Structure formats: structure tokens, C-alpha cells
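FYI, it's all coordinate maths here, none of it is from the lab. Being a predicted model, the structure only gives us computed values, none of them experimental. Methodologically, a virtual Cβ is constructed for each residue, glycine included, from the backbone with ideal geometry; neighbour enumeration extends over all protein chains shown.
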Amino acid sequence: MQELLNISIEIRLAVIFAVGCCLGSICNLAIYRLAYRSRAISPWSRPPKDAPPRRASDRLPIVGWLGLRREQPLHGPNFWIRPVLVELGAGALLAGLYWWEVVQLGLLPLGLQNHLHRVPQALALALPALHAEFLAHALLSLLMLVASLIDIDETTIPDGVTIPGTLLGLVLAVALPSMHLPEMQVLPSPPPGPTLVHFRTHSLASPLDWPDALAGAPHRESLILGIGCFGLWCFGLLPRRWMGRHGWRRAAGLLISRLARERFTIWISALAFLGSVAILLVWGVAGSRWQSLLTSLVGLAVGGGLIWTVRILGRFALRKEAMGFGDVTLMAMIGVFMGWQASLAIFFLAPFAGILLGIAQWISGRGNEIPYGPFLCLATLATLVFWADLWEWMRPFFELPWLVPSAMLFCLAVLTLLLSMWRWIAARS
């Protein structure tokens, strides 16, 4: 770590920008290959039959697209502009994240920033955790970039983005236990000693201390919680369709029959089994790796569960599909990286821009279907940038365990009422 810090910040940022541009090239490949209507636009894909021969230089980030302009008759005029912006944006995004999180200590409250600047030894101890957080957030940002652009193109988010992203996040939670958001802990010392400021990683119990009941082996409650969260996610991935108009017995039979026929059911069942075994092994090891994994698993369940609940309530209130299941899996992936507390903030921030755009589309007569995934991703980035101030404001609410679920139930009830009113207004307009 010290060797890395000896490199000037300008060189570090330049290298991160270059790496980000290269990763942006991979994002472009994923955007065009994982879409429902796959297109051979990326230079890493097999070219269309009528395309002129591709060159090795076409695979260079950014500049390669200048040569690929010769394929405009196949892909449309100026098709190359967005891929160039994606690669430039990926490089700028990663460099900006590094500057904000590691150089400026932007995720930390002002008191902890001042403490780390005053005590070089404390800063040296915090830097590995800050770099782990940056790696996690960089991966999440690139995954959200791919999901957002596919959602904008097709109003759908493919499982090929969110399922691997979720699994990578869970693996990263075990490999880098300090990847979660930071927080400050004040440790008072007996007078006249100074007040100690401690840097620690966010957990599912934050701002409270980690309870013994959630520790690893031999506490079975935490194991049940972890496997339950993972099992709920796997259940959500199954190809389900409830044909309620046939009666519940007939509907249940049709559902079971379809699940038995689908090959995807076998893959998800195998994933559920192997994932549960992996969770059991980490639970047996216990320690910080188990705390980090359980924090991500609860974030997965809460993040995805919130959007899943809104989807169900929206269908009940609007009498039609209000939100795609891709938004559920996207928010579950975000919850793995961000934790359940930040997922609540993202859940409340995302609708503001979405509602404004929806009203604008409705007034202009351009339809009422909008991709919601990009708003979840923008809210996630906003939560990252303003996390220090946001957590200082949210922290008192999480110190009262009963307050948060009560507020969530109230807000979901109000949301159902508002959606019902929207359907009533739309039916009479």
C-alpha cells in the first residue's frame, strides 16, 4: 500500500482513467451483446457479414471507434458517438470516484476526515479499507452503467447483468470485508483523556454495535437469516407466472408444471444449493468476513424486496404491470454493495426524477412507460457522493429499531393510495 501511495496522485488518476476507458470497452461489448436484440457493434464481437474487415486497431478504446465509422451504413449515422462517450465516461467515473473516496475522503464525515489528517498512523490504517470501498463501488458503477443503457434502449434489464453482478458482490464481500460504506464511531475515554474517533465499516447493525445473535458459528439465527435472504433472491429468479383466473389450485398446478419444464429452474436450484453451502462455510469461519457477507445478504433482500413490494402494490393499484422484475434484481444487486440502510435512501431518492419525467411524458403525450433502472442507478451515485451528510441525517432514525419499519409501512400504504388516485385520474382524463 505504501508503494502505491508513493506514486503521485496525478499519475494514479491518469492510470485509473486509462483502466476505466478499457473497462468501458468491455461495458460496450456487454451493452450490445446482453441486450434482448443483440447487435454486433462492439469491435470485440464477430462483425456482421456485410461489414468491411476489422483491424486490430479497432479494439483500442476510444480511438478504435474513429476507424469503425466506416460501418455507419450498417449501424446508422453517428452510431459510434455513444460508445466513445461510454468509454470516456467510464474512465472519468472511476477516476472521479477514486479522487472523491480515497484522496478527498469524501465518504467520511468531517470530524473523521480531520482526525485522519491529524493522525497519519490512523490514515495509513484506514487507506486499505478506503481502497476496498473504491474497488467495490467501481465495479458497481460499471455494472449500473451497462444496466442503465440497456434499460434506456429496451426498457428491460437482463439477468445477464444483475445475476453475475450480485454474485460478484457477494464474493467481494467475503474477499474484502471492508468494502462496505464507512462510518465514524466516537469512543469516549475517561476524563481528562481525549475523545477517540474510530473508523469502521458499515454493517447491517449500524449505527449500533454488532449483536452477538448475528455472529457466526455457533449462532444459528444468523445462518438462517443469511440463507433465507439468499433463498428469497433465488426464488425471485425462478420463471413464475400465476394464472389466478383459473382458481388457486389450478394456478398452483400450472406454476409447478412450468417450473418443472424450465431448464432455468435447474440452474437456479443448483445456484441456491451451492450458495447455501458457501454461506454455511463462511458462517463457520465467522469473524469480519461473516459480518460483511451477512450485511450484503440483508442488503440484497431489503433492496430487492422494497422494489418487489412496490411492483406488487403497483399492480394491485394500477391493475397493470407497474415495474419490471429487472428493477427488482437491479436493486438487489445494489443492496449487496451498499447495504440495507443506504438502499432505503436510494429507494426514496430514485422516484423524484422518475416522477418528474413520467409527468412530463404524460403531459407531452409520449406515453407513460419509462425505464426506472437509470433512476435507481443515479440515486445510488448520489447516495455515494453525499453519503457522509446523508448518514449523519439518517443515523438518529436507525438508532430506534422500531421507527424504520413503521415508517416504511406507512410510506408503502401512502404509495398504494397515490397510485390508486393516479389510476382514477388517468381513467377520467
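Results, tabulated for the structure shown:
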read-out	value
Residues with amide H under 5 Å from that of residue 200, placed H, sequence gap 5 or more	183, 185
Stretchable slack from residue 55 to residue 312, in nm (0.36 nm times residue separation minus alpha-carbon distance)	87.5 nm
Residue exposure sequence - 17, 264, 410 - by fewest surrounding Cβ within 10 Å	410, 264, 17
Fully extended contour minus Cα-Cα distance, from residue 278 to residue 85, at 0.36 nm per residue	65.6 nm
Sequence-distant residues sharing a close amide H with residue 119 (under 5 Å, placed H)	none
Cα-based radius of gyration of segment 95-136 once divided by 2.2 N^0.38 Å, which approximates compact folds	1.07
DSSP-assigned coil residues among trypsin sites (Lys or Arg not before Pro) in segment 32-111, each with at most 16 further Cβ atoms within 10 Å	37, 39, 49, 55
Modelled FRET efficiency - R0 56 Å, residue 153 with residue 212, Cβ distances, 0.05 increments	0.70
Label-point separation in nm, residue 382 to residue 66, each point 7 Å along Cα→Cβ	3.7 nm
Chain lengthening between residue 9 and residue 288 when straightened (0.36 nm per residue, less Cα-Cα)	97.4 nm
Spacing of the two label points (7 Å from each Cα toward its C-beta) at residue 352 and residue 399, in nm	2.5 nm
